[in-house]
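Read through the structure below, which is laid out as structure tokens, and then see the notes.
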Amino acid sequence: LVVVNAITGQPVPGAMLYVQRNNGEAKERLAETDGAGEYLWQSWKRDVMLFATKGDDTAMQPLWAYKPYSPGMEKGVKKYCNLYTDRAIYRPGQTVKAALTHYSLSQGKELNAVNGDTLTVTLRDAQHKEVEKKQVVTDAYGAASVEFLLPSAGRNGSWSINTEYGSQWIKVEE
């Protein structure tokens, strides 16, 4: 597990990690990321949320996003990409700042950051039409970031940011 800044895509050393059951029980302190922003967590419980905090910043991620092991994944290497945006709702003409973490799952058990992979990141409008496409290269932590300027006269609704390995929805509203 690597905690990365959603804006810069850089690792966050010293982030406090917490878990909370989806039923709303109190957060339980898990650990702190090391100097590289990493922490090895062996649990794959699906009914918890993972929180990372540093200073006044907090991020959370449901564990289903980490693609835990399931039968039939034992063969080969599969790649995934988690995308994050600086907010969930934008106005036309605003800039969408997105970060991603790209990783592989080998033999259904071993997670690794994908270093040096070139990914095409596509912004699609509410009608799923391509608005803009950019390429990014992942760093040693599998992280990269990208920005898109939303058209000032675009159609409002649910837009998406997509890669071959994952996507993220955003809202565009007045």
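The values are calculated or read from the model by the stated rules, or taken from the named source; none is laboratory data. Computed from a prediction, not measured in an experiment: that's the story for all the values here. Cβ placement follows ideal geometry from the backbone for every residue including glycine, while neighbour counts extend to all protein chains displayed. Heavy atoms of the whole protein, side chains included, go into the accessibility calculation; ligands, DNA and RNA do not. Shrake-Rupley method; radii C 1.70, N 1.55, O 1.52, S 1.80 Å.
One compactness figure for segment 81-129 is 1.50, namely its Cα radius of gyration divided by 2.2 N^0.38 Å.
Approximating the spin labels as points 7 Å out from Cα along Cα→Cβ, the Ile89-to-Glu132 distance works out to 2.2 nm.
Of the listed pairs Lys54/Lys129; Lys27/Lys134; Lys27/Lys171; Lys79/Lys133, which have alpha-carbon separations greater than 32 Å here? Beyond 32 Å between Cα atoms: Lys54/Lys129; Lys27/Lys134.
In segment 97-174, a dipole from Cβ-located charges (positive for Lys and Arg, negative for Asp and Glu) runs towards its positive end, and of Gly157, Gly116, Gln168 it is Gly157 whose Cα lies farthest in that direction. Panel values: segment 83-174, Kirkwood radius from alpha carbon pairs, Stokes-Einstein at 4 °C and 1.567 mPa s, translational diffusion coefficient 94 µm²/s. Accessible surface for Asp86 stands near 60 Å², nearest 10, in the context of the full protein assembly shown (1.4 Å probe).
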